[in-house]
1. Could you pull out the residue among G164, G177 that is under 21 Å from D244 (Cβ atoms), in contact (Cβ under 8 Å) with a residue 60 or more places away in the chain and in contact with a helix residue (DSSP H, G or I) (Cβ under 9 Å, 6 or more places away or on another chain)?
2. Just to check your reading of the model, which residue among G164, G183 is within 16 Å of the chain's Cα centre (by Cα), buried (at least 16 other Cβ atoms within 10 Å of the Cβ) and farther than 25 Å from L238 by Cα?
3. May I ask you to list the residues in segment 237-250 that are over 12 Å from N211 (Cα atoms) and either surrounded by 13 or more Cβ atoms within 10 Å (Cβ to Cβ) or touching a helix residue (DSSP H, G or I) at 6+ places or on another chain (Cβ under 8 Å) (or both)?
4. Within segment 188-197, is even one residue more than 25 Å from A75 (Cβ to Cβ) and surrounded by fewer than 15 Cβ atoms within 10 Å (Cβ to Cβ)?
5. Please go through segment 86-116 and pick out each residue that is more than 21 Å from Q228 (Cα to Cα) and part of a helix (DSSP H, G or I).
6. Which of the residues spanning segment 179-201 are of a type outside the set (A, V, I, L, M, F, W, C), in a loop (DSSP other than H, G, I, E, B) and in contact with a Leu (Cβ under 7 Å, 6 or more places away or on another chain)?
7. Just one of T68, T76 is buried (at least 20 other Cβ atoms within 10 Å of the Cβ) and polar (S, T, N, Q); which is it?
8. Take segment 105-137 and flag every residue that is within 18 Å of K154 (Cα to Cα) and surrounded by fewer than 19 Cβ atoms within 10 Å (Cβ to Cβ).
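The values are calculated or read from the model by the stated rules, or taken from the named source; none is laboratory data. Because the structure is a prediction, the values reported are computed rather than measured. Cβ placement follows ideal geometry from the backbone for every residue including glycine, while neighbour counts extend to all protein chains displayed.
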Amino acid sequence: MLKHLAVNIAFGILLVGWAVVGMPWYWLLPLFAVHGGILFFWSYFIQLNFFVKAHCRGADTDKAVALTFDDGPDATFTPMLLDVLKKHNAKATFFLIGKNIAGSEGLVQRMVDEGHTVGNHSYNHAFWFDLYPAKRVLEELKLTDETIKKVIGKKPLLFRPPYGVTNPPIAKAVKRGRYEVIGWNVRSLDTMAKTEVELAQRVFPKCEKGNIFLFHDTSEKTVKVIDQLLEKLTKDGLRAVTVDELLDIKAYEID
């Protein structure tokens, strides 16, 4: 991305200036510290589009929002969530961890049959995923693609990086795999919220058209709050649609 390139160019210019002026070597220490700090800090904010372009909000021309769920499928809570979505005639997007699909193929097929979209969330969701080289990142993404395709017959084009972290290797893998990166502008923090009330208080004020919500289909607390949230969206005249519909982009590559 241009932001990353601009920072590196500025850093290079400062290095040239240091060499021309002949300043002491220890002046490089704060320069490298600032450069490294910028790269590290900005890698954790997908909305900045620093390393890769990410879709983090839809247009506000339509009265719709997108509910997205990471880390599934979960054998216990994903069926409950699908029941709630069906109850409200709402659509959502599920970013699946490849290794979680084994034994839950029926859930993945049900998602698609009921009008939801599934995307790629890596195969292992490893803690060190953002430290992998581009080749290994792409291998994980392709393995998840293949796992999903075996179930639904279509390769996903939507990718959400684990933890929302982006960096040069991930950017390179995304470009090679021709993925659309999906971020968010409303982070529910549902994995950290201690109660349903706390979670509801965080997300209910954010019911504005065009917003992309980040949830996880891994707890009963989230399922119950989604039930309440969908009631509120209906009262507010808003629809819950898949993220590809909200953004008007393709969700799958079909052979």
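1. On the way: G177 fails: in contact (Cβ under 8 Å) with a residue 60 or more places away in the chain.
None of the others qualify; the one that does is G164.
2. G164
3. D244, E245, I249, K250
4. The answer is yes; a qualifying residue exists.
5. G98, K99, N100, E105, G106, L107, V108, Q109, R110, V112, D113
6. Selection gives Y179, S188, D190.
7. T68
8. Within segment 105-137, E105, G106, Q109, R110, V112, D113, E114, G115 meet the criteria.
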